[in-house]
1. Whole-Å semi-axes of the stretch 245-343's equivalent ellipsoid, largest first, each the root of 5 times a Cα gyration tensor eigenvalue?
2. What's the extension gain from Tyr282 to Asp144 if we count 0.36 nm per residue and subtract their Cα-Cα distance?
3. Provide the net charge surrounding Leu143, with neighbours chosen by a C-beta distance below 14 Å and charges set as Lys +1, Arg +1, Asp -1, Glu -1.
4. Can you work out the FRET efficiency for the pair Ala46 and Glu257, with r the C-beta to C-beta distance and R0 = 35 Å, to the nearest 0.05?
5. Based solely on C-alpha atoms, express the radius of gyration and the Dmax of the stretch 2-152 in angstrom.
6. Glu136 to Asn301: extension gain in nm, 0.36 nm per residue of separation minus the Cα-Cα distance?
7. To two decimal places, what compactness ratio does the stretch 289-343 give when its Cα radius of gyration is scaled by 2.2 N^0.38 Å?
8. Based on the Cα gyration tensor of the stretch 48-88, what are the three equivalent ellipsoid semi-axes, each the root of five times an eigenvalue, rounded to whole Å and given largest first?
Amino acid sequence: DFRTDPMQRLIQANGQPHYGIFPSAPQHINYRDFDFRSPMGRRVGALGKWRRFHQFQYFGLISPELIGGCALAQLSLLGVGFVYLYQPSSGRMLERRFKLPLGFGTRFSQTPDDGVCELRQGRNLLRLENRMAHREKRLLVELDDGTRIDACFSEEAPSFQPMCLCTPTAVNGWVYAQKVAGVRCRGDVRSALGDHDLQALDAFAHHDWSAGYMRPETFWNWACLSGEADGLRVGLNLSCGVNETSFTENCYWLDGELLKVDSVRFDFDRDQPLRPWTIRSYDGQVELRFEAHGMHQERLNLGLLASNFKQIFGCFSGVLRPRGRAEVRIERLWGFVEDQYAK
């Protein structure tokens, strides 16, 4: 279902989601209207529906001088947030993690392009704002140690085509995902690593908004890069293990134009994730080597909830082969890979 018209609500009147790749985000992820069933067909009540719905949002910053990331997740029984900054020249990294039982101190909007998700704990604030005006995304971080990040980007000028899709998940679920990479970022960062003007650094941003009824136990690998190559603004979003039933989120962007990619293979050593990774697409459009420089890692095991998360930042080199166009050489563009298990 490759839609061409805007969509107001993801869940249809019959209780089922629209599936497919969309030209723009639904105005509302109305998950409470989903006709959620057990694998044996029993209708699940409101409590079970709330318990299984999970939501995630991530904003990443990237430049040769400064790399950063901030994520918020609502896992029904737990609200989670993290933020980090990494300085490649010195190898220094600042990290903060937050876990709030039952999500107390968090709020999450189900409107991907016009809402606020935030986490507050004491004098610490992690806030992600999505504004319909200028299709703008903003990250605001204020920590009790004086760290402050205020960063934003616009998908409007120059024009950018986000990857918006909804895929079936397991026997009775679905996931809506919205991805952006390869957009220039502006704003300021103040921390123990120094003060930085993101526009002066020629920084790029990437963004992920995902929600739905994910597999109770799952894993994924993910790769993302943003920067400039052969005079083009380049962004990349590839994954394996999630969001690939009937449709995939795999794509890259050249000057904001979205180019779809087939399934991909991540070849790496799980026991030594800082060794080089190789990432190739089945259709030959993507052939990349990733060399790690640093890692943000979290492990959580609470029985019902568990996560083994590694986000590794470093440099990509290789080639993109858009159909009918000249190759785009990627030479040491900064980006991220992930290896995650989640329950």
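1. Working from the Cα gyration tensor, I get semi-axes of 28, 17, 11 Å.
2. 45.0 nm
3. Values: positive: Arg96, Arg97, Arg120, Arg123, Arg127, Arg148, Arg190; negative: Glu95, Glu118, Glu142, Asp144, Asp145, Asp150.
With Lys, Arg at +1 and Asp, Glu at -1, the neighbours total +1.
4. 0.25
5. Cα-based Rg and Dmax for the stretch 2-152 come out at 18.0, 56 Å.
6. That works out to 55.8 nm of additional length.
7. Values: Rg = 16.1 Å, N = 55, 2.2 N^0.38 = 10.1 Å.
After normalising by residue count via 2.2 N^0.38 Å, the value is 1.60.
8. Details: eigenvalues 177, 14, 3 Å².
After scaling each eigenvalue by five and taking roots: 30, 8, 4 Å.
The values are calculated or read from the model by the stated rules, or taken from the named source; none is laboratory data. None of these values were measured; they are calculated from a predicted model. Don't worry about glycine lacking a Cβ; one is built from the backbone with ideal geometry, like all the others, and counts go over all protein chains shown. Ligands, DNA and RNA are excluded from the accessible area calculation, which covers all protein heavy atoms including side chains. Shrake-Rupley method; radii C 1.70, N 1.55, O 1.52, S 1.80 Å.
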